[in-house]
Every structure is written in structure tokens, then in C-alpha cells.
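The structure appears right after this line, and notes come after that.
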Amino acid sequence: MKKLILKNSFIEMKKLLLCACMVMTLMALNAQDSGIFSHYSLSGGIGTTGFTADFGTMVGNHIGLRGGIDYMPKINYSDELDLNHVFDDYHIDPNYLPDGIDVADMPTTVDVKGTFDSFTGHALLDLYPSSDHGFHITLGAYFAGKEKVLYARNQEEGSLMMVSDFNARRGAFALVPESYGLVTARMGKYDLMPDDNGNVNAYVTVKKIRPYAGLGFGRAVPNSGLNCQFDLGVQFWGTPKVYDGVSGQQLTDEGAQGEDHGLLKIIRKVSVYPVVSLRLCGRLF
């Protein structure tokens with residue numbers, strides 16, 4: 001699975017780099033014909049999108065163009081989810097339990113690890129009201145190779161195997177009403193059903209194409225040598241959607257219980273992603 005994820009990430013990276021190379025080639029060809037794109041720069045920096053690298057140029061004195069990539073190292077966090085335990089309300093007689101299942105051994109919580117993962121490309125247009133100052137208004141878009149931005153999974157492989165076995169043989173519990181349901185892990189407002197191997201997982205998705213608007217200081221192409229460029233804005237990535245990784249179904253608020261947990265609480269309610277970046281720009285020619 002890890003090899004497949006790495007392979008897919010490498011493929012998406014190649015696509016983004018190919019697009020960047022095509023843009024650079026077209027800009028260079030256009031420069032030869034019109035003389036408009038006569039100066040270029042390379043920049044590198046860091047921000048809320050991770051490590052960023054840009055190729056930039058100026059169209060006259062009032063318009064700047066930038067294209068590049070952003071790599072965010074994976075951010076992990078840990079959390080503990082409760083299980084909706086049927087034993088709490090129905091005090092099942094151990095004699096009714098299938099072989100191999102002991103009420104005292106059934107887990108009541110599960111430790112999970114969440115991961116925030118992002119790799120994007122971007123195309124941005126800087127508008128400079130004054131040709132003598134670096135203040136600019138920026139419009140454009142960020143492009144992601146995948147919709148998933150947050151994953152959550154139990155830390156220990158198969159830690160809910162006993163729960164999966166319990167659910168699979170649910171009919172053996174004659175004293176528990178069928179309408180009560182199965183044992184699940186509660187992630188925030190949502191109930192996650194363990195798979196046959198005793199694992200639960202969920203993920204959050206946003207839009208692949210994310211329009212951007214912001215303000216900043218500094219020119220994409222320095223008048224000479226090096227300068228710094230600072231940007232502050234937002235990506236409009238849409239309303240995040242939460243999915244059960246086992247069933248692939250989107251989880252909604254209908255019938256949900258509990259409170260939101262950790263990073264999920266923040267992400268699922270935010271339709272924009274803040275972008276703050278600081279880059280060092282170097283003029284090529």
C-alpha cells in the first residue's frame with residue numbers, strides 16, 4: 001500500500017513539473033516574439049502550504065506571473081476514540097457470548113493517528129498598482145493531485161479485531177435488540193465501522209482546483225539581485241467532506257453523535273485554507 005501511495009505521489013509530482021515546464025517554455029517563446037517577458041526569476045520559501053518554489057516573470061511594470069509547486073511534509077496527530085459499547089446498557093450474560101469473546105476483554109476505546117498531507121501546484125497573477133512599490137493584489141489558483149487532505153486510522157493494526165468478530169456474529173446475542181446496532185468507533189460526530197481485519201479509517205476531501213485571492217509585498221522579479229516576497233491570502237477549497245474509508249460512503253450529520261475530535265473539528269468546518277508565505281526571489285536575467 002505504501003509503495004502504491006508513493007508511486008501515485010511521484011506520478012502527480014511529474015505531472016505538476018511537466019505543466020510548469022510547459023508554462024516556462026511558452027513564456028520564453030512569447031518573450032522572443034514580443035519582448036514583453038524580458039525578465040525572469042526563481043524563488044524558494046516556506047509557508048502554510050509547506051515548502052514552495054516559483055518561476056516568475058513580469059509583464060511590463062504592473063503585472064507579474066508566477067507558477068510553481070508546494071510540498072507540505074506530513075503532519076501527524078494522535079487521538080483516542082470511544083466505542084459505542086452495547087454492554088453499557090444491556091449487561092449481556094457472558095453465557096450468550098460466542099466462543100473467544102469475553103466482555104472484560106472487549107476494548108472501550110481505540111487509539112488513532114491522523115495525517116494531514118498536501119502537495120499542490122499553483123499559477124498566480126500579481127497586480128501592482130504602483131510600478132515603484134512592491135505591494136500587489138494576487139489572483140490565481142492552486143491545483144492538487146488528489147482530493148484527500150486528511151486521513152485517520154487506528155494506530156495498532158487489527159486492534160479492533162474482537163469488535164469485528166462481535167459484529168460479524170451479532171445474531172448470537174439474543175438479549176440485545178437488533179435495532180440497537182453494531183459496535184462502532186465514534187470519530188467526532190461520526191460512527192466508523194471496523195472492517196473484517198479489525199481496522200477503522202476515515203478521510204476528508206476538498207476540491208482539487210482551489211481558486212486563490214490575496215495581498216502581498218515584494219516583486220516576483222527583483223529589479224536586481226535578491227529580494228523577499230510576502231503573501232497573505234486564502235485558497236477556496238470548498239466544504240470538506242468526510243468519508244468512511246471502509247465503506248467509502250460520505251458521512252453526514254444525520255444521526256451523528258458526540259463531539260468533534262482534534263484536527264477534524266477544525267478542517268471539516270472551514271471552506272477556505274489560509275495561505276501565508278515568505279519567499280526569497282532571485283533575478284535570473
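The values are calculated or read from the model by the stated rules, or taken from the named source; none is laboratory data. Everything numeric here is computed off the predicted structure, so don't read it as measured data. Here the Cβ positions follow ideal geometry from the backbone for every residue, glycine too, while neighbour counts run over all protein chains shown.
Whenever a residue of segment 239-252 is over 15 Å from GLU147 (Cα atoms) and touching a residue at least 60 places away in the same chain (Cβ under 8 Å), its partners that are buried (at least 18 other Cβ atoms within 10 Å of the Cβ) and among the hydroxyl-bearing types (Ser, Thr, Tyr), lying with C-beta atoms within less than 6 angstrom and at least six residues away or across chains, give the pairs LEU251/TYR190.
Here ARG186 meets the list (1) modelled with pLDDT under 90; (2) outside any strand (DSSP E or B) almost entirely, failing just condition (2).
For segment 10-17, the condition holds for no residue, the condition being that it is at pLDDT 50 or above, part of a strand (DSSP E or B) and surrounded by 15 or more Cβ atoms within 10 Å (Cβ to Cβ). Within segment 63-91, residues that are under 23 Å from CYS281 (Cβ atoms) reach partners that are surrounded by 12 or more Cβ atoms within 10 Å (Cβ to Cβ) and modelled with pLDDT under 85 with beta carbons closer than 6 Å, at six or more positions or on different chains, in the pairs GLY64/ALA220; ARG66/ALA220; GLY67/ALA20; GLY67/VAL23; ILE69/LEU16. Do we find that ASP88 is acidic (Asp, Glu) and either at pLDDT 65 or above or touching an Asp or Glu at 6+ places or on another chain (Cβ under 9 Å) (or both) in this structure? Against the criterion (acidic (Asp, Glu) and either at pLDDT 65 or above or touching an Asp or Glu at 6+ places or on another chain (Cβ under 9 Å) (or both)), ASP88 does not qualify. Does ALA53 fit the bill of being of a type in the set (A, V, I, L, M, F, W, C), surrounded by 13 or more Cβ atoms within 10 Å (Cβ to Cβ), farther than 30 Å from ASN201 by Cα and modelled with pLDDT of 80 or more? The answer is yes for ALA53. Restricting to segment 127-140, and then to whatever is within 30 Å of the chain's Cα centre (by Cα) and buried (at least 18 other Cβ atoms within 10 Å of the Cβ), can you tell me which residue is farthest from GLY245 (Cα to Cα)? Ranking the qualifying residues of segment 127-140, first place goes to HIS136. So, GLY145, is that one farther than 28 Å from PRO73 by Cβ, modelled with pLDDT of 85 or more, touching a helix residue (DSSP H, G or I) at 6+ places or on another chain (Cβ under 8 Å) and buried (at least 16 other Cβ atoms within 10 Å of the Cβ) or not? Criteria not met by GLY145.
The requirement of being out of contact with any strand residue (DSSP E or B) (no Cβ under 6 Å at 6 or more places or on another chain) and either at pLDDT 95 or above or in a strand (DSSP E or B) (or both) is fulfilled nowhere in segment 25-45; no residue meets it.
Can you confirm whether segment 91-103 contains a residue that is at pLDDT below 70, surrounded by fewer than 16 Cβ atoms within 10 Å (Cβ to Cβ), of a type in the set (Gly, Ala, Ser) and on the phi > 0 side of the Ramachandran plot? Yes: segment 91-103 contains one or more residues that are at pLDDT below 70, surrounded by fewer than 16 Cβ atoms within 10 Å (Cβ to Cβ), of a type in the set (Gly, Ala, Ser) and on the phi > 0 side of the Ramachandran plot.
A search for C-beta distances below 8 Å between a residue of segment 112-134 that is assigned to a strand (DSSP E or B) and any residue that is of a type in the set (Asp, Glu) and modelled with pLDDT of 90 or more, counting only pairs 6+ apart in sequence or on different chains, returns SER118/ASP70; PHE119/ASP70; THR120/ASP70; GLY121/ASP70; HIS122/ASP70.
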